[in-house]
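Asker: Shown below is the structure under consideration.
The values are calculated or read from the model by the stated rules, or taken from the named source; none is laboratory data. These figures come from a predicted structure and were not determined experimentally. With ideal geometry, Cβ positions are generated from the backbone for all residues, glycine too; neighbour counts draw on all protein chains shown. What goes into the accessible areas is simple: the full protein's heavy atoms, side chains included, and nothing from ligands, DNA or RNA. Shrake-Rupley method; radii C 1.70, N 1.55, O 1.52, S 1.80 Å.
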Amino acid sequence: MQIEVLPSTGSPRIPYLEDRLVIVIDVLRATSTIVTALANGCQAIIPVLTSEEAIEKRLTLPGSLLGGERDSLIIEGFDLGNSPFDYAPEKVGGRRVILTTSNGTRAIRDSIAAPMIWMASFINMHSIVLAIHREFEKGNRLKGIVVFCAGTEERFDLPDTLCAGMLIDSLGSKILLNDLGEAARMLYRSSEDHLTDRIRNSVHGKKLISLGFERDIEYCSTPNILPIVPVVQEGEIVWLTGE
């Protein structure tokens, strides 16, 4: 199994995606929030690039909610921010959420050429790994995996890279990696016993703490608490079923 890890949105080179499974990772916080929203009964999440696009999209989807952030804070006039704790069952159950974030939704849209796009985070890692093994055991047309770390403002992001490393480490030894994939695995192995502290002390982690979101960091760095595989289908992110 060939795995290529990309460092951030805005990567100067996007590989050929038409025969790859893309795994998008935005630990703090988009993919963690997407997993949580689906677990809490959200019908679907619709990723968009801008707040203007989100507002326009809601005109065609009565009853949907607007969610997202800019500079880690809720967008003025939106129903929800980008904290997983915003997406409680009583708010999102049975409803669609139109989501725009600084990095995560852009990474999703940049992956649109791929036949399969899934969302990964620490909180759903075990389910993602099992789903990958099932998919490749089918012997279908997929030639490998691209792990798309969303990054932070087009820069390397430690939490996303640690999560990519956990994914790679969990997939076993029969894999081929690019250099960033090798580095991610080494970084994860040196950090797995103190993940939360590493994430808390990252640039992104420190920023969220300064804004009062330390509880989000604790939650988003907890492995394997939700059995959800979010997948893009017809422009919407839904819970992968039928496995």
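Asker: Checking the conditions here, which among 54, 107 is assigned to a helix (DSSP H, G or I), open to solvent by less than 10 Å² (accessible area, probe 1.4 Å) and out of contact with any helix residue (DSSP H, G or I) (no Cβ under 9 Å at 6 or more places or on another chain)?
Answerer: Result: 54 is the single residue among 54, 107 that is assigned to a helix (DSSP H, G or I), open to solvent by less than 10 Å² (accessible area, probe 1.4 Å) and out of contact with any helix residue (DSSP H, G or I) (no Cβ under 9 Å at 6 or more places or on another chain).
Asker: Right, another one. Can you spot a residue in the stretch 135-150 that is under 30 Å from residue 203 (Cα atoms) and either among the hydroxyl-bearing types (Ser, Thr, Tyr) or open to solvent by 50 Å² or more (accessible area, probe 1.4 Å) (or both)?
Answerer: The answer is no, given that none of the residues of the stretch 135-150 is under 30 Å from residue 203 (Cα atoms) and either among the hydroxyl-bearing types (Ser, Thr, Tyr) or open to solvent by 50 Å² or more (accessible area, probe 1.4 Å) (or both).
Asker: Let me ask something else about it. Which of the following residues is closer than 19 Å to residue 115 by Cβ, over 13 Å from the mean Cα position of the chain (by Cα) and among the basic types (Lys, Arg): 58, 13, 20?
Answerer: Going through 58, 13, 20 in turn, the sole match is 20.
Asker: Can you tell me which residues in the stretch 17-51 are charged (D, E, K, R) and open to solvent by less than 10 Å² (accessible area, probe 1.4 Å)?
Answerer: Selection gives 26, 29.
Asker: Next up: Could you check, for the stretch 116-134, whether at least one of its residues is modelled with pLDDT of 95 or more and touching a Lys or Arg at 6+ places or on another chain (Cβ under 9 Å)?
Answerer: Yes; the residues of the stretch 116-134 include at least one that is modelled with pLDDT of 95 or more and touching a Lys or Arg at 6+ places or on another chain (Cβ under 9 Å).
Asker: Specify the residue that is farthest from residue 8 (Cα to Cα); the eligible residues are those in the stretch 25-55 that are more than 17 Å from the chain's Cα centre (by Cα) and β-branched (Val, Ile, Thr). It would help to see each step written out before you state the result.
Answerer: Looking only at the stretch 25-55, we keep the residues that are more than 17 Å from the chain's Cα centre (by Cα), and these are 41, 43, 50-55.
If we keep only those that are β-branched (Val, Ile, Thr) too, we end up with 50, 55.
Working: 50: 18, 55: 26 Å.
Selected residue: 55.
Asker: Can you list residue pairs whose Cβ atoms sit under 6 Å apart, with the first residue in the stretch 64-87 being within 15 Å of residue 104 (Cβ to Cβ) and without any contact (Cβ under 8 Å) to a residue 40 or more places away in the chain and the second being of a type in the set (Ser, Thr, Tyr) and surrounded by fewer than 22 Cβ atoms within 10 Å (Cβ to Cβ)? Count only pairs 6 or more apart in sequence or on different chains.
Answerer: 75/51
Asker: I need the full set of residues from the stretch 57-92 which are part of a helix (DSSP H, G or I) and under 19 Å from residue 231 (Cα atoms), in order please. Outline the logic, then answer.
Answerer: Applying the first criterion (part of a helix (DSSP H, G or I)) to the stretch 57-92 yields 57-58, 84-86, 89-92.
Hits for the stretch 57-92 are 84, 92.
Asker: Looking at the stretch 212-231, can you tell me whether even one residue there is open to solvent by less than 30 Å² (accessible area, probe 1.4 Å), acidic (Asp, Glu) and in a helix (DSSP H, G or I)?
Answerer: Yes, that holds for at least one residue.
Asker: I'd like to know if the stretch 160-178 contains one or more residues that are surrounded by fewer than 19 Cβ atoms within 10 Å (Cβ to Cβ), β-branched (Val, Ile, Thr), in contact with a Lys or Arg (Cβ under 9 Å, 6 or more places away or on another chain) and in contact (Cβ under 8 Å) with a residue 12 or more places away in the chain.
Answerer: no
Asker: Can you find a residue in the stretch 226-243 that is modelled with pLDDT under 95 and among the hydroxyl-bearing types (Ser, Thr, Tyr)?
Answerer: Yes, that holds for at least one residue.
Asker: Quickly run through the stretch 4-16 and pick out the residues that are hydrophobic (A, V, I, L, M, F, W, C), part of a loop (DSSP other than H, G, I, E, B) and open to solvent by less than 10 Å² (accessible area, probe 1.4 Å).
Answerer: None - no residue of the stretch 4-16 is hydrophobic (A, V, I, L, M, F, W, C), part of a loop (DSSP other than H, G, I, E, B) and open to solvent by less than 10 Å² (accessible area, probe 1.4 Å), so the list stays empty.
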